[in-house]
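Engineer: Have a look at this one.
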Amino acid sequence: FSLTPPPGLETMSKGWTAQGSWGEWLEAAELCTSFPLMMISIYAAAAPPMLSLLGLSGFVVDFSGETSGGKSTALKMAASVWGRPSESYPTAMYSWDSTKVWIERCAGFLHNLPLILDETKRAKYPQIVRDVIYDFCQGQGRGRGSVEGTRHTESWKSVLISSGESAATSFSRDAGTRARVLALKGKPLGNNAEVGGRVSEDIQMVVGENYGHLGRKVVEYLVANQHQRRQFVQLYKDTRAK
């Protein structure tokens, strides 16, 4: 199969590649085991392909708190599940400093892969954060017209992983939208700045060269065990009830 990105998104696809070794990436994951919020970033990134399997809607995982607390490191760890965790292209993580239309196209292109947006304070207007969260949870973009008629409407079922000094829920008063946001406040790498800073450097050094392996292993596992869909659904229901 040859997957061709739509016009304007060619550069984006180059960030969703694998590099380095699975074993070395696991070393970075091992550094996260003492920090629950860091582990949640990994789980959130790995979850999107399972949503359709389990019949679930998309949702938002938001890291908020003071600067220098490990939020960007958490997002880089999430991005490394699928691709290159960089602040410059090519990358698998992006900035809130984008237009609402571009973010919608990006979500539609990624479809069942996580959308990772760093720093809500970089959004051009506060309402962009509110609108993006609302549309993302709905799972489809807004209908638009064109000279030829109606344009294609993007759709997706995924997880939006976000970060910012203020909680993403603070940008919206809509109860339905806020209920779809898992708001995680605090420092993902703990309150000890010296320890957290050292762990952050170690993680970023490792995932900067080793990334894109876990996501592919998740997909391979789901495809190889698709005949166990009923068991997966029951496991989810049991875990939810617990």
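Engineer: Can you pick out the pairs among Lys71/Lys124; Lys187/Lys237; Lys124/Lys217 whose Cα atoms lie more than 27 Å from each other?
Structural biologist: Lys187/Lys237; Lys124/Lys217
Engineer: Something else about it: Translational diffusion coefficient, Stokes-Einstein: compute it for the chain using the Kirkwood radius over C-alpha pairs as Rh, at 4 °C and 1.567 mPa s, and state it as an integer in µm² s⁻¹.
Structural biologist: Rounded, D is 70 µm²/s.
Engineer: Another question about this same structure. Suppose a student asked you for the relative contact order of the chain, using Cα pairs under 8 Å spaced at least 6 residues apart; what percent would you report?
Structural biologist: RCO, the chain: 32 percent.
Engineer: Also: Convert each backbone phi in segment 227-234 into a coupling constant with the Karplus relation 6.51 cos²θ - 1.76 cosθ + 1.60 (shift: θ = phi - 60°), then list the ³J(HN,Hα) values in order as whole Hz, x for Gly and Pro.
Structural biologist: Going residue by residue, I get 5, 9, 3, 4, 5, 4, 4, 5 Hz, with x marking Gly and Pro.
Engineer: What does the C-alpha gyration tensor say about the overall shape of segment 178-242? Classify as rounded when a/c is under 1.5, otherwise prolate if a/b is larger than b/c, or oblate.
Structural biologist: In terms of gyration-tensor shape, oblate.
Engineer: Further question: Please list, ordered by chain and number, the residues whose modelled amide H lies under 5 Å from the amide H of Ile161; skip anything fewer than 5 residues away on the same chain.
Structural biologist: Val61, Leu115, Ile116, Leu117
Engineer: Let me ask you something else. Might you report the magnitude of the Cβ-based charge dipole of the chain about its Cα centre, with Lys and Arg at +1 and Asp and Glu at -1, to the nearest 20 debye?
Structural biologist: Result for the chain is approximately 920 debye, rounded to the nearest 20.
Engineer: What value, in deg cm²/dmol to 500, does the helix sum -39500 (n - 2.57) over DSSP H runs of n ≥ 4 give at 222 nm once divided by the residues of the chain?
Structural biologist: Value at 222 nm, helices only: -13000 deg cm²/dmol.
Engineer: Applying the Karplus parametrisation 6.51 cos²θ - 1.76 cosθ + 1.60 with θ = phi - 60° to the phi angles of segment 5-21, what ³J(HN,Hα) value in whole Hz is obtained for each residue in order, glycine and proline being reported as x?
Structural biologist: Calculated HN-Hα couplings, in order: x, x, x, x, 10, 4, 5, 4, 4, 6, x, 9, 10, 10, 8, x, 10 Hz.
Engineer: Something else now. When ligands, DNA and RNA are left out and all protein chains stay put, how many square angstrom of accessible area per residue does segment 108-242 have with a 1.4 Å probe?
Structural biologist: I get 61 Å² per residue for this part.
Engineer: Taking all protein chains as present, what is the carbon and sulfur share of the accessible area of segment 121-242, in % to the nearest whole number, probe 1.4 Å?
Structural biologist: Using a 1.4 Å probe with all protein chains present, segment 121-242 comes out at 48 percent carbon and sulfur.
Engineer: Restricting things to alpha carbons, find the Rg to Rh ratio for segment 25-76 using the Kirkwood radius for Rh.
Structural biologist: Rg/Rh: 1.02.
Engineer: State the antiparallel share, in %, of DSSP beta bridges confined to the chain, rounding to the nearest 5.
Structural biologist: Close to 20 percent.
Engineer: Would you kindly state how much longer the chain becomes between Thr17 and Ser95 on full extension, computed as 0.36 nm times their sequence separation minus their alpha carbon distance, in nm to one decimal?
Structural biologist: 26.2 nm
Engineer: Percent relative contact order of segment 136-242, based on C-alpha pairs within less than 8 angstrom and at least six residues apart?
Structural biologist: Computed value for segment 136-242: 12 percent relative contact order.
Engineer: A further question follows. For segment 103-242, divide the Cα radius of gyration by the Kirkwood radius and give the resulting Rg/Rh value with two decimals.
Structural biologist: 1.02
The values are calculated or read from the model by the stated rules, or taken from the named source; none is laboratory data. Just so it is clear, the structure is predicted and the values come from calculations on it, not from any experiment. Don't worry about glycine lacking a Cβ; one is built from the backbone with ideal geometry, like all the others, and counts go over all protein chains shown. Quick note on the areas: whole protein, heavy atoms, side chains included, nothing else; ligands and nucleic acids left out. Shrake-Rupley method; radii C 1.70, N 1.55, O 1.52, S 1.80 Å.
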